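Student: The structure is given below, and queries will be raised subsequently.
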């Protein structure tokens, strides 16, 4: 048995377990779920339809330094978009025109995603 290799693997497993635990116990690894209001907010890259009122420029975030590297890029993007839609709903919006996701990294891996966009209140919500 290769003891140095076993020791190295044990250390890596312990580090991963601590990161997952820290993620579960803190907001360092944000995994935003859609609120009931956020689920009613349409999101897209195209401009809003005519008749929409601009509410505010907003930022959505997903992931974090501790544990974000253990989450897939697709999930980090989903969490950031969920956060963006929830914030639009909190402002009374029903549409958010978002920018492309910005991926942040640490130690050579993606650990977080930030999405920005403009929240709108539209007379007829886009689909």
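Student: So how much slack lies between residue 53 and residue 127, counting 0.36 nm per residue of separation and subtracting their Cα-Cα distance, in nm?
Tutor: Working: separation 74, 0.36 × 74 = 26.64 nm, distance 1.66 nm.
Gain in length upon complete extension: 25.0 nm.
Student: Starting from the Cα-Cα distance between residue 72 and residue 102, subtract it from 0.36 nm times their residue separation and give me the gain in nm to one decimal.
Tutor: 9.4 nm
Readers should treat all values here as calculations from the given coordinates under stated rules, not as data from a laboratory. This one's a predicted model, so the numbers in the text were calculated from it and none came from an experiment.
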